[in-house]
Amino acid sequence: MTYSTPDLCDDNPELVRVLEPMMANFGGRESFGGEIVTIKCHEDNSLVKENAAKPGHGKVMVVDGGGSLRRALLGDMIAENAVKNGWEGLIIYGCVRDVDALVTLDLGVQALASIPLKTDKRGIGDLNVDLIFGGVTFIPGEYVYADNNGVVVSSESLSAD
(Lines give C-alpha, C1' and ligand atoms only; values in the text may rest on other atoms or scores of the structure.)
Protein backbone atom coordinates (compact mmCIF):
# COMPACT_ATOMS: atom_id res chain seq x y z
CA MET A 1 0.00 0.00 0.00
CA THR A 2 1.24 3.50 -0.75
CA TYR A 3 0.64 6.55 1.36
CA SER A 4 0.82 10.28 0.70
CA THR A 5 1.77 12.07 3.90
CA PRO A 6 0.50 15.43 2.55
CA ASP A 7 -2.90 13.82 1.88
CA LEU A 8 -2.90 12.18 5.33
CA CYS A 9 -2.19 15.60 6.89
CA ASP A 10 -4.88 17.32 4.81
CA ASP A 11 -7.48 14.63 5.53
CA ASN A 12 -6.69 14.20 9.24
CA PRO A 13 -5.26 17.47 10.60
CA GLU A 14 -6.50 16.76 14.12
CA LEU A 15 -4.95 13.27 14.22
CA VAL A 16 -1.42 13.70 12.83
CA ARG A 17 1.84 14.61 14.49
CA VAL A 18 4.59 15.47 12.00
CA LEU A 19 8.27 14.67 12.46
CA GLU A 20 10.67 17.55 11.91
CA PRO A 21 12.37 17.24 8.49
CA MET A 22 15.49 15.19 9.08
CA MET A 23 15.07 11.78 7.43
CA ALA A 24 16.26 10.55 4.05
CA ASN A 25 14.83 7.59 2.15
CA PHE A 26 17.21 4.64 1.78
CA GLY A 27 14.84 1.72 1.11
CA GLY A 28 13.20 0.32 -1.97
CA ARG A 29 9.74 1.47 -0.83
CA GLU A 30 9.25 5.20 -1.17
CA SER A 31 6.05 5.04 0.88
CA PHE A 32 5.26 2.82 3.86
CA GLY A 33 3.28 2.73 7.06
CA GLY A 34 1.93 0.59 9.84
CA GLU A 35 1.74 -0.10 13.54
CA ILE A 36 4.67 1.21 15.57
CA VAL A 37 7.16 -1.11 17.27
CA THR A 38 9.86 0.87 19.09
CA ILE A 39 13.48 0.22 19.96
CA LYS A 40 15.73 2.55 21.92
CA CYS A 41 19.43 1.78 21.54
CA HIS A 42 22.73 3.60 21.21
CA GLU A 43 25.33 2.28 18.76
CA ASP A 44 24.12 -1.30 19.43
CA ASN A 45 21.68 -2.88 16.97
CA SER A 46 21.14 -6.18 18.84
CA LEU A 47 17.41 -5.52 19.31
CA VAL A 48 17.01 -4.35 15.70
CA LYS A 49 18.49 -7.63 14.49
CA GLU A 50 16.42 -9.68 16.95
CA ASN A 51 13.14 -8.01 16.01
CA ALA A 52 13.77 -8.07 12.25
CA ALA A 53 13.76 -11.87 12.66
CA LYS A 54 10.22 -11.78 14.11
CA PRO A 55 6.96 -11.43 12.13
CA GLY A 56 6.41 -7.78 11.21
CA HIS A 57 3.40 -7.78 8.86
CA GLY A 58 1.68 -4.40 9.06
CA LYS A 59 4.37 -3.02 11.37
CA VAL A 60 7.09 -0.37 11.21
CA MET A 61 10.13 -0.51 13.47
CA VAL A 62 10.98 2.93 14.87
CA VAL A 63 14.53 2.97 16.21
CA ASP A 64 15.86 5.74 18.44
CA GLY A 65 19.62 5.58 18.09
CA GLY A 66 20.03 8.90 19.87
CA GLY A 67 20.81 10.58 16.57
CA SER A 68 24.28 9.02 16.55
CA LEU A 69 26.13 9.47 13.28
CA ARG A 70 28.99 7.17 14.32
CA ARG A 71 27.57 3.66 13.71
CA ALA A 72 25.02 2.06 11.38
CA LEU A 73 22.00 0.51 13.10
CA LEU A 74 20.80 -1.22 9.91
CA GLY A 75 22.62 -2.95 7.08
CA ASP A 76 21.67 -5.24 4.20
CA MET A 77 21.59 -8.53 6.16
CA ILE A 78 19.20 -7.30 8.86
CA ALA A 79 17.10 -5.50 6.22
CA GLU A 80 16.83 -8.68 4.12
CA ASN A 81 15.64 -10.52 7.23
CA ALA A 82 13.03 -7.80 7.85
CA VAL A 83 11.75 -8.25 4.27
CA LYS A 84 11.51 -12.04 4.77
CA ASN A 85 9.47 -11.46 7.93
CA GLY A 86 7.06 -8.98 6.33
CA TRP A 87 8.08 -5.71 7.99
CA GLU A 88 6.71 -2.62 6.22
CA GLY A 89 9.76 -0.53 7.07
CA LEU A 90 12.13 1.03 9.57
CA ILE A 91 12.54 4.64 10.68
CA ILE A 92 15.94 5.14 12.27
CA TYR A 93 17.04 8.15 14.28
CA GLY A 94 20.61 7.25 13.40
CA CYS A 95 22.53 5.77 10.46
CA VAL A 96 22.30 2.88 8.02
CA ARG A 97 24.85 1.24 5.73
CA ASP A 98 24.87 -0.94 2.59
CA VAL A 99 22.72 1.74 0.93
CA ASP A 100 23.13 0.33 -2.59
CA ALA A 101 21.61 -2.94 -1.37
CA LEU A 102 18.90 -1.30 0.78
CA VAL A 103 17.45 0.57 -2.19
CA THR A 104 16.85 -2.75 -4.00
CA LEU A 105 14.76 -4.25 -1.16
CA ASP A 106 10.97 -4.13 -0.83
CA LEU A 107 11.28 -2.32 2.49
CA GLY A 108 10.80 1.24 3.63
CA VAL A 109 13.93 2.64 5.26
CA GLN A 110 14.32 6.19 6.49
CA ALA A 111 17.33 7.35 8.49
CA LEU A 112 19.44 10.43 9.16
CA ALA A 113 22.46 9.37 7.08
CA SER A 114 24.70 6.50 6.02
CA ILE A 115 28.04 5.39 7.44
CA PRO A 116 30.00 2.19 6.71
CA LEU A 117 30.78 1.27 10.35
CA LYS A 118 28.68 -1.45 11.99
CA THR A 119 27.74 -1.45 15.66
CA ASP A 120 28.98 -3.67 18.43
CA LYS A 121 26.36 -6.16 19.56
CA ARG A 122 26.22 -5.99 23.35
CA GLY A 123 22.53 -6.78 23.78
CA ILE A 124 21.80 -3.30 25.13
CA GLY A 125 18.54 -1.52 24.38
CA ASP A 126 14.85 -1.16 25.24
CA LEU A 127 11.91 -2.62 23.32
CA ASN A 128 8.48 -0.96 23.05
CA VAL A 129 9.13 2.14 25.11
CA ASP A 130 7.86 5.59 24.15
CA LEU A 131 10.42 7.42 22.00
CA ILE A 132 10.77 11.16 21.59
CA PHE A 133 12.80 12.71 18.77
CA GLY A 134 12.23 15.25 16.03
CA GLY A 135 9.43 16.91 17.99
CA VAL A 136 7.27 13.76 17.99
CA THR A 137 6.48 11.03 20.51
CA PHE A 138 6.37 7.54 19.01
CA ILE A 139 4.15 5.26 21.11
CA PRO A 140 4.14 1.48 20.54
CA GLY A 141 0.83 0.37 19.04
CA GLU A 142 0.13 3.74 17.39
CA TYR A 143 0.68 4.27 13.65
CA VAL A 144 3.37 5.85 11.50
CA TYR A 145 3.39 6.71 7.79
CA ALA A 146 6.38 7.83 5.74
CA ASP A 147 7.15 8.92 2.21
CA ASN A 148 9.51 11.32 0.45
CA ASN A 149 7.59 14.26 1.98
CA GLY A 150 8.11 13.24 5.57
CA VAL A 151 6.92 11.16 8.50
CA VAL A 152 3.56 11.44 10.28
CA VAL A 153 2.34 9.68 13.42
CA SER A 154 -1.23 9.08 14.53
CA SER A 155 -2.93 7.43 17.50
CA GLU A 156 -5.41 5.92 14.99
CA SER A 157 -4.90 3.96 11.80
CA LEU A 158 -5.15 6.26 8.78
CA SER A 159 -4.99 3.37 6.33
CA ALA A 160 -7.87 2.84 3.92
CA ASP A 161 -7.80 -0.94 4.31
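The values are calculated or read from the model by the stated rules, or taken from the named source; none is laboratory data. These figures come from a predicted structure and were not determined experimentally. All Cβ positions, glycine included, derive from the backbone under ideal geometry; neighbour counts span all protein chains shown. Ligands, DNA and RNA are excluded from the accessible area calculation, which covers all protein heavy atoms including side chains. Shrake-Rupley method; radii C 1.70, N 1.55, O 1.52, S 1.80 Å.
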Response to the item:
Each label sits 7 Å from Cα toward the beta-carbon; between Val18 and Leu127 the label points are separated, in nm, by 3.5 nm
Discussion item. When a/c reaches 1.5 or more, the comparison of a/b and b/c decides; with that in mind, is the chain rounded, prolate or oblate per its Cα gyration tensor?
Written reply: prolate
Practice prompt. Using only Cα atoms, locate the centre of region 101-125 and the centre of region 21-97, then give the distance between them in Å, rounded to an integer.
Written response: 7 Å
Worksheet item: With every protein chain left in place, what is the accessible area per residue of the chain in square angstrom, probe 1.4 Å?
Response: 46 Å²
Worksheet item: Using 0.36 nm per residue, how much length does the chain from Ser46 to Asp106 gain when fully extended, once their Cα-Cα distance is taken away?
Response: 19.4 nm
Worksheet entry | Alpha-carbon gyration tensor eigenvalues x 5, square-rooted, for region 1-81, Å | 24, 16, 12
Fill in: Packing-based order for 85-94, 128-137, using average beta carbon neighbours within 10 Å, highest first
85-94, 128-137
Fill in: Peptide ranges 145-154, 46-55 listed from the most packed, as the mean C-beta count within 10 angstrom indicates
145-154, 46-55
Practice prompt. Take the alpha carbon gyration tensor of region 104-161, find the square roots of its eigenvalues, order them as a ≥ b ≥ c, and report rounded if a/c is under 1.5; if not, report prolate when a/b exceeds b/c, else oblate.
Written response: oblate
Discussion item. Could you work out what % of the accessible surface of the chain is carbon and sulfur, using a 1.4 angstrom probe and leaving DNA, RNA and ligands out of the count?
Written reply: 49 percent
Discussion item. Compute, for region 17-161, the length of the dipole vector about the Cα centre, with Cβ point charges of +1 (Lys, Arg) and -1 (Asp, Glu) only. Units Debye, rounded to 20.
Written reply: 420 debye
